[in-house]
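To keep things clear, I will list the structure first and then write my remarks on it.
Laboratory data are not the source of any read-out in this text; all were calculated from the coordinates shown. What you see is a predicted model; the values in this text were computed from it and never measured. No Cβ is skipped: glycine too gets one built from the backbone with ideal geometry, and neighbour counts run over all protein chains shown.
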Amino acid sequence: MLGRAMPVLPAEDMARAKAFYTGKLGLSVMFESESGAAFQAPDGTGVFVYPHERTLATHTAAAFVVDDVTAVVRELRGRGVTFEDYDQPGLKTVDGIAELEGVKSAWFVDSEGNILAINEMAS
C-alpha cells in the first residue's frame, strides 16, 4: 500500500534553497546528499529538493495543509515570504488568501521559482 507522498522539486542553487526552506519556511533538514536534500515539516511530512537547472512551472508544485491559513500567512510574511495576489475569474485573493469551495489557500514562490501553496481544509 502507498505511504505518504513527498513532493520533489528542482533547485538551481541548493544553498539558496536550503536557506529558504529552513530559514523562511522553518522546515528542518531530514538528510542531505549529493543528490539533494529532504526538508521536514513539524508533522513529519516533507519536501525533497534536488539540484537541477531552473524549470518553469506555471502551476502549484506542492502544498502544505495547515490548520489556520491566516496565521501561517502572517508568520511566513514575518520571515520574509511574499504571497501571490490573484484577481481573475474564479480566483481572487484578499490579503494573499483565496477561499474556494470551503478551502482557504495562499500561494508563494520559493527561492527556485517553484509555486507552493498552503491550504486550510474545511472541517
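Annotations
- Residues in the range 67-82 carry Karplus couplings, in order, of 7, 9, 4, 4, 5, 5, 4, 4, 4, 5, 4, x, 8, x, 7, 9 Hz; the curve used is 6.51 cos²θ - 1.76 cosθ + 1.60 with θ = phi - 60°, and Gly or Pro positions show x.
- The helix-only estimate of mean residue ellipticity at 222 nm for the chain, built from DSSP H runs of length n ≥ 4 each weighted as -39500 (n - 2.57), is -3500 deg cm²/dmol after division by the residue total.
- Positive-end extreme of charge dipole, the range 47-123 - chosen from Gln88, Thr70, Leu56 (charges on Cβ): Leu56
- Sequence-ordered 3J(HN,Hα) estimates for the range 87-102 from the Karplus curve with 6.51, -1.76 and 1.60 and θ = phi - 60° stand at 8, 9, x, x, 8, 9, 9, 10, 6, x, 10, 10, 10, 10, 6, x Hz, glycine and proline given as x.
- Residues of the chain were split at every exposed loop site, defined as trypsin sites (Lys or Arg not before Pro) in a DSSP loop with at most 12 other C-beta atoms within 10 angstrom, and the longest piece left, sites excluded, is 5-53.
- Checking every one of the GluC sites (Glu not before Pro) in the range 1-81 against DSSP loop status and a limit of 15 other Cβ atoms within 10 Å picks out Glu12, Glu34, Glu53.
- The charge dipole of the chain, taken about its Cα centre with unit charges on the Cβ atoms of Lys, Arg (+1), Asp and Glu (-1) only, comes to about 180 debye.
- 3J(HN,Hα) along the range 108-113, derived from phi through the Karplus expression 6.51 cos²θ - 1.76 cosθ + 1.60 where θ = phi - 60°, amounts to 8, 10, 6, 5, 10, x Hz, with x in place of Gly and Pro.
- Of all DSSP bridge pairs formed entirely within the range 8-120, close to 70 percent run antiparallel.
- When each of Ser33, Ser111 is scored by the number of other beta-carbon atoms lying within 10 Å, the sequence from fewest to most is Ser33, Ser111.
- Close amide H contacts of Ala11 (hydrogens built in the peptide plane, cut-off under 5 Å, sequence separation of 5 or more or a different chain): Tyr50, His52.
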